[in-house]
Amino acid sequence: MKNIVLICRLLVGGLFIISGLIKANDAVGFSYKLAEYFEVFGMEWLKPTALVLAMLICIFEVLCGVTTLTGTWPKLTSWALMAMIVFFTFLTFYSAYFNKVTDCGCFGDALKLTPWGSFTKDIVLLIFIIPIFLYRNHIKSFFSAKGDKIVLVLTAFIISSFTIYTYRHLPVIDFRPYAIGKNIQEGMKLPPGAKTDSIAMIFIYEKDGQRFEFSPQEIGKADSTYTFVDRIDKVVRQGDKPPIHDFSISKDGSDYTEDILDKDGYTFLLVCYNINKTDKDVFAKKINPFVEKCDKAGIPVIGMTASIDSEVEAFRHEVQAAFDFYTTDETTLKTIIRSNPGLVLLKKGTVLNMWHYNDFPTFDEFVAKHPLNQ
């Protein structure tokens with residue numbers, strides 16, 4: 001039994017550390033997923049706390065992983081593990097059964113799990129946690145009481161610092177389809193051999209005020225007492241989707257996606273997914289001087305937002321933004337860069353660089369890294 005528990009501790013502790021680190025690498029992205037869960041459960045009042053909760057969960061997961069591995073505070077750790085896995089098993093089952101959240105966010109953008117895949121993962125974890133919980137009174141720490149405190153304090157400091165750093169800058173490792181070096185047009189294409197949607201022809205008939213759907217093979221059941229209403233094509237099985245399937249740039253009802261992505265020279269995208277939440281001080285300090293020099297150098301700067309036109313115009317006037325804003329889906333903009341505002345450098349649809357607003361370069365710094373004659 002001792003060896004079984006040790007194996008379970010290694011697996012559970014390692015998984016919690018990996019999961020916590022991946023989420024801590026992109027705590028902002030994890031907070032979006034938490035906000036999605038809050039909406040599903042009718043707890044919108046918790047959405048303002050999503051970011052703080054996301055960061056705390058990342059830190060707590062890593063601490064639980066470390067204490068599981070080292071045997072520190074076994075009773076408290078075992079109860080924490082059991083409480084967490086029971087809660088998340090219920091959450092993932094509800095999400096999968098009612099198809100509420102399509103990705104649990106357990107491993108961020110590094111590994112996407114289907115709703116049922118997330119539930120299965122939690123069931124497997126529960127199986128490994130049960131022996132730890134039952135054997136909790138016999139688990140001994142690898143360290144002394146003083147050593148336990150040192151390990152916990154050091155772990156908490158490191159993971160907290162890492163989480164805050166990625167929040168104030170950008171993810172250290174970028175798993176998103178818009179990462180530096182990725183080409184957006186290529187990301188819009190399905191890979192060879194990808195599954196397409198399975199479409200079925202459906203005939204809709206009406207009888208006694210009720211509607212019935214029949215496949216071509218079942219249409220014989222619709223006798224003269226049924227009235228034909230319509231024929232539709234229905235998706236019976238979702239096919240694969242390309243990594244980027246919701247990217248578009250529009251303005252005044254016209255689509256400019258290809259025009260912008262096909263440009264040979266540099267193009268800057270200034271992402272402000274919601275201008276009501278955008279840091280305004282950075283415009284006068286960094287963005288406006290940068291845009292002015294870009295304009296002189298012939299490098300276009302394009303604002304991208306999901307906010308409505310009236311709010312955009314009021315915002316442009318307030319921050320003295322001397323460039324146009326185009327419309328893009330808010331979720332897409334949040335995926336492109338974890339900063340509001342955030343700066344993305346494109347060339348022929350390829351992401352060459354991106355900056356959090358805390359790290360916006362001066363024009364000279366930009367030119368030093370990306371010469372204008374290239």
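The values are calculated or read from the model by the stated rules, or taken from the named source; none is laboratory data. Everything numeric here is computed off the predicted structure, so don't read it as measured data. Note that we place each Cβ from the backbone using ideal geometry, even for glycine, and neighbour counts take in every protein chain shown.
Worth pointing out:
- Boolean, residue 119 is surrounded by fewer than 19 Cβ atoms within 10 Å (Cβ to Cβ), more than 14 Å from the chain's Cα centre (by Cα) and more than 30 Å from residue 146 (Cα to Cα): no
- Some residue of the stretch 348-362 being in contact with a Phe, Trp or Tyr (Cβ under 6 Å, 6 or more places away or on another chain) and either polar (S, T, N, Q) or over 19 Å from residue 26 (Cβ atoms) (or both): no
- Residue tally, condition in a loop (DSSP other than H, G, I, E, B), among the small types (Gly, Ala, Ser) and over 30 Å from residue 247 (Cβ atoms), over the stretch 182-229: 4
- Any chance residue 244 is at pLDDT below 90 and under 21 Å from residue 178 (Cβ atoms): yes
- Residues of the stretch 158-196 satisfying the condition of being touching a Gly at 6+ places or on another chain (Cβ under 9 Å) and surrounded by fewer than 13 Cβ atoms within 10 Å (Cβ to Cβ): 194, 195, 196
- Within the stretch 269-285, being touching an Asp or Glu at 6+ places or on another chain (Cβ under 7 Å) and among the hydroxyl-bearing types (Ser, Thr, Tyr) holds for one residue alone: 273.
- Exactly one residue out of 46, 63, 69, 56 is farther than 20 Å from residue 134 by Cβ, of a type in the set (A, V, I, L, M, F, W, C) and in contact (Cβ under 8 Å) with a residue 60 or more places away in the chain, and it is 63.
- Search result, residues across the stretch 308-331 that are touching a residue at least 40 places away in the same chain (Cβ under 8 Å) and over 23 Å from residue 294 (Cα atoms): 329, 330, 331
- Residue in the stretch 54-68 that is hydrophobic (A, V, I, L, M, F, W, C), over 26 Å from residue 149 (Cβ atoms) and either crowded, with 18+ Cβ neighbours inside 10 Å or at pLDDT 90 or above (or both) present: yes
- Residues of the stretch 154-195 satisfying the condition of being under 24 Å from the mean Cα position of the chain (by Cα) and more than 30 Å from residue 20 (Cβ to Cβ): 183, 184, 185, 186, 188, 189, 190, 191, 194, 195
- Tally of residues being assigned to a loop (DSSP other than H, G, I, E, B) and within 20 Å of residue 337 (Cα to Cα) across the stretch 257-297: 6
- Selection of first residues in the stretch 121-143 that are closer than 15 Å to residue 13 by Cβ and of second residues that are outside any helix (DSSP H, G or I) and of a type in the set (A, V, I, L, M), restricted to Cβ pairs under 9 Å at least 6 apart or on distinct chains, gives the following pairs, ordered by first then second residue: 131/1; 132/139; 135/1.
- Number of the exception - residue 163 against (1) under 21 Å from residue 12 (Cα atoms); (2) at pLDDT 85 or above; (3) polar (S, T, N, Q): (1)
- Condition broken by residue 266, with the remaining ones in (1) of a type in the set (Ser, Thr, Tyr); (2) touching an Asp or Glu at 6+ places or on another chain (Cβ under 9 Å); (3) under 23 Å from residue 180 (Cβ atoms) satisfied: (2)
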